[in-house]
Each structure stands twice: as structure tokens, then as C-alpha cells.
């Protein structure tokens, strides 16, 4: 197990290194001028442009810029944002809690409601309930999250005034900690519901198929022949083994919720990493865009590594492969 974990960790580190280089090169291939907004609506003079290029290191060769970025990354320094004029690390640290709150809420809903509904579908295969849930899951899986967010914000937030359509806090709310927490939760409902409806649909289908495959295995027939109750057969013997494929899905959903929340956070003006990354792309803010990209790439690779470790812990055959 130790050698397998060491080998897998080294593979993850190498993958991250390659990803950083590719992200840096692709980011600097984006069309547009990263200094376009520095003139406050007026064209920059040649002297001003040269000074700003020297300030942000844009006047140096690309490979030299890459070496400077990698050296700073090793020290925990991601540079200074062109758009905000502040260290990128500080901006990411400010926005990360909001994205973690939104993504964590969606993950909990996804891997509780989604797994339960998937198992329920498999157990009731062919029933009217299974057909309805399959239709709803297909519709949810095919629905763009930004479109669903616009619909929910327009109807529930603007027309019905049931929930806040944008933001994370109401600046006019007065009260203590409980009032502030309740206000954040009210703002959280619509963006979390938007992402949850889309992600639960995929988890349902994945869990349903995995559970159907497990219920066909011989040891399930043996468990039923021994006289075990259907509940014991389903949850003690069937569901545990049907979780193996879902572990891979968990490793994929975690980064998708971070990167996929770009549109949802923009629609609901949620002050997280997604909306920050969207602003970085619009402004061609290379340091901020690279910082957000490296953070997402790290989350993707770490999530994949944790998924493999969990898989190996539950199934020793993985460690021997």
C-alpha cells in the first residue's frame, strides 16, 4: 500500500506540473490586451504601457515569464492582479469560502439525495416511479445550469419575491450572528438548488446503473436464499459494492462544482471563485486567471488522488494492479 500510494502521489505531482505549464501557455495565447482597462477609458501612452508591462513582467520572453511564475508558485506567490491591483493569493482566499459553502452544500445534497434516489430506482426497476424518475433525471442532466439559474432567479426571486435573486448577503440586515447566518442561507438556496438539480440527475443515473449491475451478481442471490430481509440485501450487501463506481464520480464532481459554478455564480452574483474567474477572463487578467486555473487544477488532481486512495482502501485489487 505504501509503495502504491507513493507512486500515485508522484504521478499526481507530475500531472500538476504539466498542467501548470499548459495552463500558462494557453492563458497567454488568449486574444485581447490585459492592459486595456488600465487607461481608465483613455488610451495608454507608450511610456505608460512600457511601465505597466515592466511592472507585471509582460515585457519579458514567455519562457522567462513561465520560470518567474513557477518560482513564485513554489513560494506561494501567484503575483499581483492587473484588474484589482492586489495579490492574487489574497483575492482567492477571500472568494474561496463562498465557493466552498456553495460547493459543499451541493455535494451533500448530491451524494445523499442522488444516491438514495438511484438505489430506489434500481430496486423498483420498470415501475411507474422508475420511469418518472428516469425522465426527470434525463431532463435535469440535459438542462444547462446557467439557463436554469436564470429561470429560478427570474421567477422565484424577481417575480414572486420568495428568495433573494442575487448576492450573498443583504447589507441592510441588522442583527446578530443568527440573523446574518439566516440571511446567507436565504441567498444560498437558489444557486445551490440550481447546481443540485443538475448534479443529482447525473448521480441518480450513475447509481441506478451501478446498483442494477450489483443486484445481478451471484452473492446477492445467495443472500436472498439465506432468508435475509430485502432491506439487508439492498443496503448491507448490494449498496456497499455499488458504491465503488460512485467513488470515481465523486472525484469528478468535486472539481466540476468548482469550475462549473462559474456560470451559476455569475447569474446569482455569488462572490466566489467562479465569478472571480469570469472577471479574470473578461479582463485578460493573466495573474488572476492563472491563480484561479492552478487552484482548480490542484483540486481536480487532489480529488482524483483521494478517489483512488478510497477505492484502493475498499478494494485491495486496485493496490495490486
* Asked: Helix 88-109 sits at what angle to the longest principal axis of the chain, using alpha carbons and giving 0 to 90 degrees rounded to 10?
  -> 20
* Asked: Between residue 230 and residue 134, what is the label-to-label distance in nm when each label sits 7 Å out along the Cα-to-Cβ direction?
  -> 1.9
* Asked: 222 nm [θ] for the chain, helices only, -39500 (n - 2.57) per DSSP H run of 4+, per residue, to 500?
  -> -23000 deg cm²/dmol
* Angle between the Cα long axis of helix 2-27 and the longest principal axis of the chain, 0 to 90 degrees, nearest 10? -> 40
* **Spatial separation of Cα centroids for segment 162-210 and segment 67-107, in angstrom** => 23
* Folded to 0 to 90 degrees: helix 62-74 orientation relative to the chain principal axis, Cα -> 60
* **Size of the chain as Cα extents on the principal axes (Å, biggest first)** => 85, 57, 38
* To do: Mind giving me the FRET efficiency for residue 108 and residue 46? R0 is 56 Å, r the Cβ-Cβ distance, nearest 0.05 is fine.
  => 0.55
* Asked: Taking the mean number of other Cβ atoms within 10 Å as a proxy for protection, how do you rank 22-32, 95-105 from highest to lowest?
  -> 95-105, 22-32
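Since every read-out is calculated from the coordinates, none of them should be taken as a lab result. Quantities reported herein were computed from a predicted structural model and do not represent experimental measurements. So basically every Cβ, Gly included, is an ideal-geometry build from the backbone, and we count neighbours across all protein chains shown.
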